[in-house]
1. Could you tell me the calculated FRET efficiency between Glu61 and Arg30, based on Cβ-Cβ distance and R0 = 30 angstrom, to the nearest 0.05?
2. Looking at this model, which pairs from Lys62/Lys176; Lys62/Lys95; Lys176/Lys254; Lys288/Lys313 are more than 30 angstrom apart at the alpha-carbon?
3. Going by average Cβ density within 10 Å per residue, which order do the peptides 191-197, 174-180 take, highest to lowest?
4. So how strong a dipole does segment 2-115 carry about its Cα centre when Lys and Arg Cβ are +1 and Asp and Glu Cβ are -1, to the nearest 20 debye?
5. For His309 and Asp217, calculate 0.36 nm times their separation in residues minus their Cα-Cα distance, and state this gained length in nm to one decimal.
6. Can you tell me how much longer the chain between Asn79 and His40 gets when fully stretched, taken as 0.36 nm per residue apart minus their C-alpha distance, in nm with one decimal?
7. Once you have the Cα-Cα distance between Val229 and Val2, take 0.36 nm times their residue separation minus that, and quote the gain in nm to one decimal.
8. Sort the following peptides by mean Cβ neighbour count (other Cβ atoms within 10 Å, averaged over residues), highest first: 75-85, 99-109.
Amino acid sequence: MVSESLLITLDHLEAGLALEIIPEKGSHCRILNELEAVEHGECIYQIMEGQSYEYEFIGGEKYMLSAIVDGIVLPSRRNSARGRISPNIYVGTLKLFIINKDSHLDVDELCVEVVATKFDQSVDNSYRSNYRKMLEDITDKCSELLMQTNAPVYQNFEIDYDKDSRTIYQRFSFVKSILYNDDFEGAILKIISNPSTVWEQEHMQTDIGRLRRINNDSIRQLTSGRVRVPVSTSSTLHKLSITSVSEKIQTSCKIESFDNSENRFIKHSLNTFQQFTESCLIIFERYKMERPANEASQMVAKLTRYLGHPFFKTIQAPKTLKLNSRSRFSLPDKTVLYNTPPLAGRII
């Protein structure tokens, strides 16, 4: 929602304290609702790339503002509780620090989202689609250039299974890039709507009056069962000296089941992703990493929705993994899914 200004209340620091951010001429700002902000992993308060804003602490002259990136926040020389915010070409989450002028210490921090505007007339398409797609394309192209046979530099990529990644967020982002891939989501939906099935024998106790087919096993149970009912004297069986038969016998029939090795592996992979993401969430919350924690929480909810589908409730945990089976998943697919969460990559 487009807003004339951003008013961020800071009552937890001092009663009546607030930070107001006011767009200058030709500039804009907006406030997202909390659900939309969580869905897209953005801050609620948003300003635009390349535009400029004034800010002022209301109800507190002893506070000043600074940013994690130098040059974006410019305090006024006459009154340091006021100033200008000029993100220029900076795009993404901008962390702001509130400083007590008396102690020169950071007393709080908050964030605003600097939204890209140069790629599309629609702000959402410019930032959420085009800008992020550009970053992905740059990453892909750089990797391709490094790995070309005629590249001016020589690089080897190898997996180190003994060494952890440098930061937990790097590992989390690697897994997130897979889970939020359109191909991955499409594959999960396709598996749920058209799963692999096997035929299984189901055994049940059946009343003898409902028997359709009689075989040797059924005849043995009729003559040897413990719970018996008398045979009518006019029956042919009675003439053969059979005075009673079993009331019920055990029969079997074939049913279609989703509980096979292929579907068990899929459920195991999703469970592994969920456990990994929950572990990341605990660490992010412990170190008060707000945005990563929001991303992890959203990803846990996404995986919980997948695993909560009735399809997965009938599937047990896997016992073995057949890498050479002729199933819908090839060996590379299984290896990638199996090794993704603990994977730590490095460039030599």
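Readers should treat all values here as calculations from the given coordinates under stated rules, not as data from a laboratory. All figures in this text were calculated on a predicted structure; none of them were measured in a lab. Cβ sites come from the backbone with ideal geometry, for glycine too, and all protein chains shown count toward neighbours.
1. 0.60
2. Lys62/Lys176; Lys176/Lys254; Lys288/Lys313
3. Packing order, densest peptide first, comes out as 174-180, 191-197.
4. So the magnitude is around 560 debye.
5. Length gained, His309 through Asp217: 29.2 nm.
6. Net length gain for the segment: 10.4 nm.
7. 73.6 nm
8. Peptide ranking by packing, descending: 75-85, 99-109.
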